[in-house]
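Just so it is clear, none of the values below were taken in a lab; they were calculated from the coordinates. Not measured: the values here are computed from a predicted model. With ideal geometry, Cβ positions are generated from the backbone for all residues, glycine too; neighbour counts draw on all protein chains shown.
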Amino acid sequence: MTDLRNAFLEYLGQTSPHPLALDIVHAEGCYLTDRNGKRYLDLVAGLAVNNTGHRHPSVVAAIKDQCDKYLHVIPYGEFIQEPQVRFAERLAGMLPDGLETVYFVNSGTEAIEGALKLAKRITGRTELIACHKSYHGSTHGSLSITGNETKKFRSRPLLPDVAFIHFNAPDDLLLITERTAAVVVEPIQGDAGVRVPTHAWMTALKDRCTAVGALLIFDEVQTGFGRTGKRFAMEHSGVVPDILVLGKALGGGLPMGAFVSARAHMKLLTHDPVLGHITTFGGHPLPCVAGLAALNVMVTEDLVGNAERMGALFKELLIHPAIKEVRGLGLMLAVELGDKDKVQQVVLDCLDQGVLGFWFLSCPTAFRIAPPLTINAEQVRSACDIILKALDRSSLRTAGYA
Ligand SMILES: Cc1ncc(COP(=O)(O)O)c(C=O)c1O
């Protein structure tokens, strides 16, 4: 056997020439431990996945319990599987009217694909509108509506009839017309570097969609399940979409996605053609029980309130001449430095000091803070202390003193 790092580089398809390549052997709560026994305070949460912390005992117990009953038994939709039914029922119970039927898939991008197909089916229209700087996933449909040309030009041709509007720009709403099947929006843009729209824009967006008969699709893959200090980010504006897309934290740390819509809409997928949208593993019982357990933890441990409080504490403590702005809501934050080299230095310095932060896909001048929603005040203070010292060192380096 080759050593693990070399085997990682040789046998696994890579996503970049410079993976962090941390070799994690254990994860618990807000901490990751590597093979050398070094502990990292996790400010990434598996990229907005581990909202209940790593290996929450209730989530692990639910997974173990289900393992003793059954695992995969049939592709999605054919059998009654209690974990799926109870999870969907619970999700529907916490969502507004019109979002009562859940279609489970395996990832965020797959949920987007389902939502796009459903929107075309409901409206009989073809045009899709999305936002510049958005990220919706890496499969062809999702990539087509992703607003970052550098990530998509090698995959063309992509879906035809896709147009882009600027996020939070009222004038662009006129580009939504009677031809538009759906507008896909992250209610808070994530990989654009955490951009929060105004209430006025969100309301105008919904009104414009209603006026021209276009559907509104919210991609809450990153913003869902308490991340922004509300259960779902749409609660900040009160605007309810026609289709809601979920992923990441949905499966309690296991792979899962879902799109949610009105029952009458979802019924369209059952005929003409029959089996026109299917998935082998969608709604697998393990992510369903893990997701339901995580949802219960979110409520019983008030993770939504904690996200709001700890997010405010991060904003209060992260004051430094090098920080231009801390953007975001709850524990979905971007620390804007206005300088991509500084971001690089600070993220790597923090890593050295045992704090894991991360970059954004479409905003190189800021770094991400998105810890488990279980993080406590002491951990936030310790993380901020390390970040501020890393910023001091980076500023000294820039000034030529280090
Ligand atoms: C807003 C948003 N939508 C969709 C996706 C795609 O999800 P997945 O990576 O599970 O396919 C992501 C992933 O980062 C995302 O942030």
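Note on the stretch 243-383: Cα-Cα pairs beyond 25 Å make up 45% of the total pair count. For GluC sites (Glu not before Pro), the sites in the stretch 1-93 that DSSP calls loop and that have at most 14 other Cβ atoms within 10 Å are Glu78.
For chymotrypsin sites (Phe, Trp or Tyr not before Pro), the sites in the stretch 49-143 that DSSP calls loop and that have at most 15 other Cβ atoms within 10 Å are Tyr70, Phe79.
Taking only Cα atoms of the stretch 285-334, what ratio of Rg to Rh do you get with Rh as the Kirkwood inverse-distance radius? Don't jump to the answer; show the numbers that get you there.
On the way: Rg = 15.1 Å, Rh = 12.6 Å.
Rounded to two decimals, Rg over Rh is 1.19.
How would you rank Ser142, Ser237, going from fewest to most other Cβ atoms within 10 Å of each one's own Cβ?
On the way: Ser142 29, Ser237 20.
The most exposed by this proxy come first: Ser237, Ser142.
Ordering His199, His140, His54 by the number of other Cβ atoms within 10 Å of each residue's own Cβ, fewest first, gives His199, His140, His54. Pairs to check: Lys117/Lys267; Lys248/Lys315; Lys38/Lys389. Give those whose C-alpha atoms are more than 22 Å from each other in this structure. Lys248/Lys315, as the Cα separations exceed 22 Å there.
Histogrammed with a bin width of 20 Å, the alpha carbon distances of the chain distribute as 27, 58, 15, 0 percent, first bin at zero.
Within straight-line reach of Lys342, meaning a Cα separation under 19 Å, sit the following aspartates and glutamates at least 8 residues removed in sequence or on another chain: Asp191, Glu325, Asp352, Asp385, Asp392. Helices in the chain, meaning DSSP H runs of at least 4 residues, each add -39500 (n - 2.57). Divided by all residues, the mean residue ellipticity at 222 nm is -11000 deg cm²/dmol.
Computing FRET efficiency as 1/(1 + (r/R0)^6) for Arg55 and Val299, where r is the C-beta to C-beta distance and R0 is 22 Å, gives about 0.70. In this rough spin-label picture, where each label sits 7 Å from Cα along the Cβ direction, the Ser138-Ala7 distance is 2.2 nm.
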